[in-house]
Amino acid sequence: MVRLSLSSKSVKSVASDALVLTLAPPAGKTGAKGGAPALLGADDLPRATRTALAQAVTAVGATGALGTVNLLPAVTGLAAPLVALVGLGADPADGESLRRAAGAAVRALAGRRRVVLVPPTSDVATVSALAEGAALGAYAFTRYRAAAAEPVAELTLLVDKPRDKALRTGLERARVLGEAVALARDLINTAPGDLAPADLAEAAVQAGAGTSLTVRVLDEEALAAGGYGGILGVGQGSVRPPRLVVVEHAPRGAKGHLALVGKGITFDSGGLSLKPPAGMETMKSDMSGAAAVLAAVKAVADLGLPLKVTGWLAVAENMPSGTAIRPSDVLTMHGGTTVEVLNTDAEGRLVLGDALVAATAEHPDHVVDVATLTGAQVVALGNRVSAVMGNDDAFREQVLGAARRAGEQFWPMPLPQELRSSLDSTVADLSNIGDRAGGMLVAGLFLQEFVGTAADGSPTPWAHLDIAGPAFLTAEPFGYTHRGGTGVAVRTLVALAEDLAG
């Protein structure tokens, strides 16, 4: 994990392996031709150095467009042997633009150990965003590689007052979020043969070791005793049995209780409703929701938020075998609802249903589930925008607000009641699939059936996050986002917890 620090040293003399300077496009431009981009945060440089940098900017064709990185060899007047010019785009003060720019620069400088970044200003919001983007960008998953470029190990941000309490708090938050997202990414990127349900449960235990978190693991015997028919049914086709993991941050004097539920299918073959081979290639990522929940609860504990947060990881491996559930089998879920399984590849909603019943039985103030749930989400919103549904408009908007501040793209989606009847079964309380049209919404309606009530009998405010597309990147990296597991939703969940903690 990159080590973040603040310094007031002069950019002219600070020692590093690379120096990052920021650019803004010409006024009124977004990086297109027409004028030279502006070099930001370098006013204290000697005139000769600024002139040399301006000439280099023109020579390499730098535009200042968001996330573009141009590398320059040593520049007269600077101690660094390499300079990276990164574009901040049309709105250099936007937090997400700053995060993406810092992430892009740090990714481009992989292999360099010490990097210095000059923020365009020293205000808390700017420095915090740059630090967070750098922490997210300084990542590499090298478990299975004999050789790979190491990510940047040390990043120093040059500011006016490095001992300022607010700046140091922002830097610490960036560190915690970077570590949390890296934890989620590592779990998602791990080969499914090395991450059975029991392994994911053990990872949760290890994440909680030495912290204030408490971790409880329900094995297959405990699941059977508790009537968790959804988790057991999905997992019964695998020789590696399922788990339900409960991770809790319960500080003294907590101001409320947030429950988080994550889908943890460590590999999804589709079961007997088998996926085509190409459809399985990224299915190690089908536990991204559980990874995000685990990482978020740990981050909440590391930040010391005065809010009780309970994470529920519903973990199973969905495999075809002689013991696997069959289309038309009926499962009895935790709480007693019966479900006719018409498609074994619609398994995520089954494990989540069990966990939602258990989570809301504790009467939390709010509950959020996170899941790579439907291919329909990808069709509707693509690979960079996740969906938010829920039973409470105000809470859904609160989740969206947290996502916007975190810099993660979510979009509100409805739960049309006219689609609910498509989930009716002729032999059970529900079937696990309904209308194919609006499949993302139908899946949300299914989950809503398992959201319990508050202590006063009113529905528990609930939001459902479908992250199927954004959870795993197969295209080119961008900003602070690497190929493979992205850790999406971690920062949104932490921002939501911060809001609820007041």
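Taking region 314-357 as the range and being buried (at least 24 other Cβ atoms within 10 Å of the Cβ) and touching a His at 6+ places or on another chain (Cβ under 7 Å) as the test, only ASP354 passes. Taking every residue in region 107-121 that is over 22 Å from ASP94 (Cβ atoms) and pairing it with any residue that is assigned to a strand (DSSP E or B) and aromatic (Phe, Trp, Tyr), at least 6 positions away or on another chain, yields no pair with a Cβ-Cβ distance below 9 Å. Residues in region 168-187 that are of a type in the set (A, V, I, L, M, F, W, C) and either outside the structural domain of ALA295 (by TED's automatic domain parsing) or closer than 16 Å to ARG491 by Cα (or both): LEU171, ALA174, VAL176, LEU177, ALA180, VAL181, ALA182, LEU183, ALA184. Among the candidates PRO197, PRO192, the residue that is crowded, with 23+ Cβ neighbours inside 10 Å and farther than 20 Å from ARG100 by Cβ is uniquely PRO197.
Looking at SER128, is it surrounded by fewer than 20 Cβ atoms within 10 Å (Cβ to Cβ), in the same structural domain as GLY67 (by TED's automatic domain parsing), within 28 Å of ASP43 (Cβ to Cβ) and in contact with a Leu (Cβ under 9 Å, 6 or more places away or on another chain)? No; evaluated as a whole, the condition is false for this residue. Just to be sure before I move on: is ALA361 crowded, with 22+ Cβ neighbours inside 10 Å and touching a residue at least 60 places away in the same chain (Cβ under 8 Å) in the structure I sent? The answer is no for ALA361.
Right, ALA182: buried (at least 20 other Cβ atoms within 10 Å of the Cβ) and touching a helix residue (DSSP H, G or I) at 6+ places or on another chain (Cβ under 6 Å) or not?
No; evaluated as a whole, the condition is false for this residue.
Within region 79-91, being surrounded by 22 or more Cβ atoms within 10 Å (Cβ to Cβ) and more than 17 Å from LEU53 (Cβ to Cβ) holds for one residue alone: GLY89.
Scanning region 427-470 for residues that are part of a loop (DSSP other than H, G, I, E, B), among the small types (Gly, Ala, Ser), within 21 Å of THR338 (Cα to Cα) and more than 28 Å from the chain's Cα centre (by Cα) yields ALA428, GLY434. For ASP199, the conditions (1) over 25 Å from the mean Cα position of the chain (by Cα); (2) closer than 25 Å to ASP302 by Cβ are fulfilled apart from (1). Restricted to strands (runs of 3 or more DSSP E) entirely inside region 50-123, those with at least 1 residues that are within 19 Å of SER16 (Cβ to Cβ) and at pLDDT below 95 are 69-73. Just one of the listed residues (ARG404, ARG491, ARG420, ARG483) is in contact (Cβ under 8 Å) with a residue 60 or more places away in the chain and of a type in the set (Lys, Arg), namely ARG491. Considering region 436-471, the residues that are free of Cβ contacts under 8 Å to residues at least 60 places away in the same chain and over 16 Å from ALA346 (Cα atoms) include one that is surrounded by the most Cβ atoms within 10 Å (Cβ to Cβ), namely SER458.
Table: residues versus (1) buried (at least 20 other Cβ atoms within 10 Å of the Cβ); (2) more than 16 Å from ASP286 (Cα to Cα); (3) in contact with a Cys (Cβ under 6 Å, 6 or more places away or on another chain).
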{"residue": "ALA224", "(1), (2), (3)": "no, yes, no"}
{"residue": "TYR228", "(1), (2), (3)": "yes, yes, no"}
{"residue": "LEU244", "(1), (2), (3)": "yes, no, no"}
{"residue": "ALA250", "(1), (2), (3)": "no, yes, no"}
{"residue": "ALA259", "(1), (2), (3)": "yes, yes, no"}
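The values are calculated or read from the model by the stated rules, or taken from the named source; none is laboratory data. Values in this document were obtained by computation on a predicted structure and should not be read as measured data. Backbone-built Cβ (ideal geometry, glycine too); neighbour counts: all protein chains shown.
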